[in-house]
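What follows is a short report on a single structure.
The values are calculated or read from the model by the stated rules, or taken from the named source; none is laboratory data. Since we're looking at a predicted model, the values are computed, not measured. Here the Cβ is made from the backbone with ideal geometry for all residues, glycine too, and neighbour counts use every protein chain on show.
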Amino acid sequence: MSLQQQSWSSARNICIVKTLANLGHYPTRKSEKEAWFLSPLRSETQASFNVSFNKNLWYDFGTGKGGNVIDLVMLLENCSFQDALNFLSDNTISFSFGPEIPDTKKDTDAVIDIVQVQSISHPALCGYLSSRGIPLAEGNAYCKEIRYKLKGKEFFSLGLQNHLDGWELRNKYFKGSIAPKSHTHLKNGSKNLLVTEGLFDFLSLTVLENKLVNTSDVIILNSLSFLAQIQTHFPEYNQVLLYLDNDAAGDIATRKLLTRFDNVTDKRNSYKNFKDLNEKMNNEKTGNFTGTGA
């Protein structure tokens, strides 16, 4: 067996459900045999994306497409077979998008219910923003304090609303979302578009380049898997500035977009020695900060 065949054999056995969770997509319902998701390939309000646990295969009933985890990554990232293998390689990409997927035999009802939406005031959330170098005023300008229940217990997180009225949730110990999951589009009537990968990339940009943010439209991806969806907006703008992570996934995505669009500019050179904008900003302030992701 060749090295590429070995890589393919190993990669196709990577759990699809965990891969989707790493990209910020969680099941709306599960059983011992299967999980149902809002499709990561398109926008929808009723889950029609199925994953078989036994076969480790997926099928999107809305598009009629299906396959293994490699096929899925190729579609989500609009990349080649080899790039998908690189994307899935254990030694290439480190994900930190949220809690580990629960055992489906023990937890079949992990639904998040919103209790309250308010301005950010809890000391723990204020402290979390401060630890990431973000002033409370900037946090409150774009986020809310979300109090929610999960498995009968009440929690609180920072919340960023997306364009489908779902929420991205962030606190010191948790990264998750409340469906429907999608990107966030902030419109200022500008012909200049800024694209960041995650919430703290964007909030860091408001600190580092406040005037640029205030005079531009912004898309916060909330997951790289939404790149395919937001590309339809690119022709509407004179300039699209990309602030993706300095990692293998960011390399793949940036390379594809630069090839496809003449108005796209890769801005990662401005933080080339760091994983992302937040890591750069805090290193410049303290000299010893290690980033924890978007």
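Of note:
- Any hit, region 140-155, residues being at pLDDT below 95 and not in a strand (DSSP E or B): yes
- Counting only residues that are closer than 12 Å to Glu197 by Cβ, without any contact (Cβ under 8 Å) to a residue 40 or more places away in the chain and in a helix (DSSP H, G or I), region 229-260 holds 1 of them.
- Residues in region 29-47 that are loosely packed, with under 15 Cβ neighbours inside 10 Å and closer than 18 Å to Cys15 by Cα: Arg29, Ser31, Glu32, Lys33.
- Filtering region 112-133 to residues that are loosely packed, with under 12 Cβ neighbours inside 10 Å and in a loop (DSSP other than H, G, I, E, B) leaves Ser119, Ser121.
- Applying the condition of being in a helix (DSSP H, G or I) and not polar (S, T, N, Q) to region 190-204 and asking which residue is surrounded by the fewest Cβ atoms within 10 Å (Cβ to Cβ) yields Asp201.
- Criterion (out of contact with any Pro (no Cβ under 8 Å at 6 or more places or on another chain), crowded, with 19+ Cβ neighbours inside 10 Å and among the hydrophobic types (A, V, I, L, M, F, W, C)) met by exactly one of Leu136, Leu160: Leu160
Results for (1) assigned by TED's automatic domain parsing to the domain that holds Ala253; (2) of a type in the set (A, V, I, L, M); (3) at pLDDT below 75, shown as yes or no for each residue.
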residue: Trp58; (1), (2), (3): no, no, no
residue: Phe61; (1), (2), (3): no, no, no
residue: Gly67; (1), (2), (3): no, no, no
residue: Ile70; (1), (2), (3): no, yes, no
residue: Glu77; (1), (2), (3): no, no, yes
residue: Phe81; (1), (2), (3): no, no, no
residue: Ser94; (1), (2), (3): no, no, yes
